Amino acid sequence: MILLKYSSNAAVETNGYDLSNHRNWSGTIISVSPKAYSHSAWEYYIKYPDGEHNDFVAEQDLAMATSYPHPENGTSNTYYWGYCTYGAKQLAPWIGNGWGNANQWSSSARSAGYVVDRNPMYGSIVVFQSGQGGASSYGHVAFVESINGNTIQIKEMNGTGGFGQYSVRSVDNASSYEYIH
């Protein structure tokens with residue numbers, strides 16, 4: 001069970017349904033699907049304890065609930081389960097906790113003394129900024145599994161495989177992205 005909360009500025013579902021009366025409500029994710037109506041990368045079907053539900057909630061209208069009950073979360077990985085940041089930390093445990101959203105990882109890593117450059121290496125973390133490589137406005141991070149010229153193969157969570165799932169894909173123009181070592 002994954003609990004989420006609507007953000008305090010949620011306005012409408014991606015199909016136009018008014019969400020203003022649900023601001024700061026908490027609910028359970030029933031399913032996640034690729035966007036159908038908006039510029040959001042994902043849409044969520046949320047169900048509430050009273051039985052009400054919303055079908056087309058965009059990712060930007062959600063905030064994590066203050067209590068996150070997933071049993072895989074622990075002190076060694078404090079990122080929210082199911083997101084790319086959680087998956088990257090599981091594959092590269094040397095990554096720090098508390099680095100923020102994926103689009104903040106390059107800056108956080110530099111501040112923590114890690115090397116951040118445009119040179120992919122096996123085992124490094126690739127950082128996709130908003131709009132790069134299909135990333136949402138929060139960015140995306142993934143584990144580099146192999147390099148072939150200017151193409152990398154990555155293992156990612158919450159990518160092409162969906163929320164909470166790992167998947168593997170190839171990404172061209174590898175020198176366009178930043179890597180944390």
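The values are calculated or read from the model by the stated rules, or taken from the named source; none is laboratory data. Everything numeric in this text was worked out from a predicted model, so none of it was measured. Ideal geometry is used to build each Cβ from the backbone, glycine not excepted, and the neighbour counts take in all protein chains shown.
Among the conditions (1) surrounded by fewer than 22 Cβ atoms within 10 Å (Cβ to Cβ); (2) in contact (Cβ under 8 Å) with a residue 40 or more places away in the chain, the only one that G100 does not satisfy is (2). The single condition among (1) touching a strand residue (DSSP E or B) at 6+ places or on another chain (Cβ under 8 Å); (2) within 21 Å of T78 (Cβ to Cβ); (3) outside any helix (DSSP H, G or I) that P120 does not meet is (2).
Among the residues of the range 158-175, is any crowded, with 17+ Cβ neighbours inside 10 Å, more than 22 Å from N77 (Cβ to Cβ) and at pLDDT 95 or above? Yes, the range 158-175 contains a residue that is crowded, with 17+ Cβ neighbours inside 10 Å, more than 22 Å from N77 (Cβ to Cβ) and at pLDDT 95 or above. Pairing each residue of the range 144-159 that is assigned by TED's automatic domain parsing to the domain that holds R118 with any residue that is among the basic types (K, R), provided the two are 6+ apart or on different chains, yields C-beta distances under 6 Å for E145/K155.
Just wondering, is there one or more residues in the range 140-151 that are within 17 Å of T85 (Cα to Cα) and in contact with a His (Cβ under 9 Å, 6 or more places away or on another chain)? Taking every residue of the range 140-151 in turn, none turns out to be within 17 Å of T85 (Cα to Cα) and in contact with a His (Cβ under 9 Å, 6 or more places away or on another chain).
Taken together, the residues in the range 125-143 that are more than 13 Å from the chain's Cα centre (by Cα) and at pLDDT 95 or above amount to 3. Of the residues that make up the range 157-166, is at least one within 16 Å of T85 (Cα to Cα) and not in a loop (DSSP other than H, G, I, E, B)? Yes, that holds for at least one residue.
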